[in-house]
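The values are calculated or read from the model by the stated rules, or taken from the named source; none is laboratory data. Keep in mind that this is a model prediction, so the values were computed, not measured. Positions of Cβ are generated from backbone atoms using ideal geometry, with glycine treated the same way; all protein chains shown enter the neighbour counts. Heavy atoms of the whole protein, side chains included, go into the accessibility calculation; ligands, DNA and RNA do not. Shrake-Rupley method; radii C 1.70, N 1.55, O 1.52, S 1.80 Å.
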Amino acid sequence: MFCRAIGILRFAQDDKLPAVSLMPLIDKYSRPITDLRVSITDRCNYKCVYCRTGNEGAQYADLPMADYLRMVRVMVGLGIEKVRLTGGEPLLRKGVVEFVRELAALRTLRGEKLDIALTTNGHLLADMAQPLKDAGLTRVTVSMDAVDPEKFARITRVHNGYENVRAGIAAARKAGLDPVKVNCVLMRGFNDDQIVEFGKFAREEDVVVRFIEFMPLEEDRVWSPQIVVTLEEILIRMAEFMPLTEIHHARSETARRYVFEDGRGEIGIIAPVSQPFCGQCSRIRITSDGKIRTCLFSQMDHDLYGVMQRGNDDVVAKFIEGVVNKKEARHHIGEPGFQKPSRSMVHIGG
Ligand code: SF4
């Protein structure tokens with residue numbers, strides 16, 4: 001208990017976090033756990049080459065939205081302040097707009113609104129952006145790995161996706177889901193020729209483009225260190241078009257942030273392989289079938305849904321606290337003995 005109090009005090013000073021009594025969820029490395037990602041379905045309407053083999057469909061069940069709502073409500077009572085909805089593809093899930101409305105009614109330990117975000121492939125976003133915004137969604141992230149329609153189709157293995165995604169991004173901006181972020185997973189020899197094009201896209205479309213270093217979380221065996229395009233390399237290649245200047249990013253934010261030297265257009269780089277940020281990790285995840293994952297690279301699931309069936313909210317809260325105490329210090333990508341996680345990204349939810 002003593003070390004947890006020290007951890008809380010230290011963070012409260014650095015990060016404008018609330019006083020001790022309002023911040024119960026701290027792991028054994030003194031990291032406040034304030035961000036929750038909830039996968040509300042394992043199904044996806046895309047078959048991205050770096051994510052899925054394209055043969056398997058959904059492997060885990062979806063739970064009733066009421067179960068996710070109870071899980072989130074207990075977690076918010078333990079200090080969660082940001083909730084991100086993920087999948088598979090969350091917009092495939094019927095009732096997602098109503099679920100956002102219910103989440104928006106919750107209040108954090110500080111009495112503030114939850115920061116509710118959603119990550120989508122954008123295929124269904126054009127018609128849903130405004131209803132999601134009206135229901136209380138704060139911001140949206142669209143996964144898009146090419147600004148070239150043909151390359152986009154080759155990566156997603158879906159023929160009519162590109163125009164849908166562009167329309168979705170435009171609708172999200174129009175609805176005021178601000179900022180609209182566009183995430184691109186870079187793979188050498190696949191789409192690393194899109195770096196400068198995405199730089200121009202960020203400037204022209206006024207969206208924040210974030211490049212993500214490819215992690216060994218795929219269903220197949222595509223990953224190797226050689227295929228990773230690192231932060232350093234992205235900066236060098238973008239400078240051929242226009243140099244970037246780094247700007248401040250929040251402690252628990254995964255992306256390093258940059259603006260072009262003329263001030264127009266923001267780029268983010270998420271570099272878990274070359275510049276890991278596990279020391280500030282504030283995230284835990286709930287899978288579509290109700291398991292807690294304390295890290296993307298965990299070797300085990302924790303059966304929250306099972307505990308929920310047997311116990312009241314106090315029992316559930318105690319279970320969550322115990323699980324958070326088991327959170328891994330960091331990933332071990334590229335180290336001898338590195339083990340791929342027990343689930344691939346599509347079955348975790350990003
Ligand atoms: S690898 Fe695990 S510990 Fe590191 S930032 Fe990701 S989820 Fe957090």
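Structural remarks
- Label sites at residue 222 and residue 69, each approximated as a point 7 angstrom past Cα along Cα to Cβ, lie 3.7 nm apart.
- For the stretch 24-347, with all protein chains in place and a probe radius of 1.4 Å, 50% of the accessible heavy-atom surface sits on carbon or sulfur.
- Cβ crowding within 10 Å averaged over residues, with 117-123, 258-264 ranked highest first: 117-123, 258-264
- Selected from 349, 259, 223, residue furthest toward positive end of dipole (the chain; charges at beta carbon): 349
- Extension gain (nm, one decimal) between residue 310 and residue 328, 0.36 nm per residue minus Cα-Cα: 3.8 nm
- Principal-axis analysis of the Cα atoms of the chain puts helix 313-324 at an angle of about 60° to the longest axis.
- Projected area averaged over orientations for the chain, convex hull of C-alpha atoms, nm²: 17.0
- Whichever aspartates and glutamates have a C-alpha closer than 15 Å to that of residue 318, once near sequence neighbours (fewer than 8 apart) are set aside: 27, 303
- Acute angle (nearest 10 degrees) that the helix 2-15 long axis makes with the longest principal axis of the chain, alpha-carbon atoms: 40
- Here is the list for the stretch 102-211: GluC sites (Glu not before Pro) lying in DSSP coil, each with at most 13 other C-beta atoms within 10 angstrom of its C-beta, are 112.
- Taking Lys and Arg as +1 and Asp and Glu as -1, the other residues whose beta-carbon sits under 12 Å from that of residue 342 total +3.
- Of the residues 299, 226, 339, the one that moves most in a GNM of the chain with alpha-carbon contacts below 10 Å is 226.
- Per residue solvent-accessible surface (Å²) - the chain, probe of 1.4 Å: 43
- Approximating the spin labels as points 7 Å out from Cα along Cα→Cβ, the residue 249-to-residue 167 distance works out to 3.3 nm.
- Using the Cβ-Cβ distance between residue 261 and residue 178 with R0 set to 22 Å, the FRET efficiency works out to roughly 0.40.
- Neighbours of residue 66, meaning other residues whose beta-carbon lies under 14 angstrom from its beta-carbon, give a summed charge of 0 when Lys and Arg score +1 and Asp and Glu score -1.
- Principal-axis tilt of helix 195-205 within the chain, Cα atoms, nearest 10 degrees: 80
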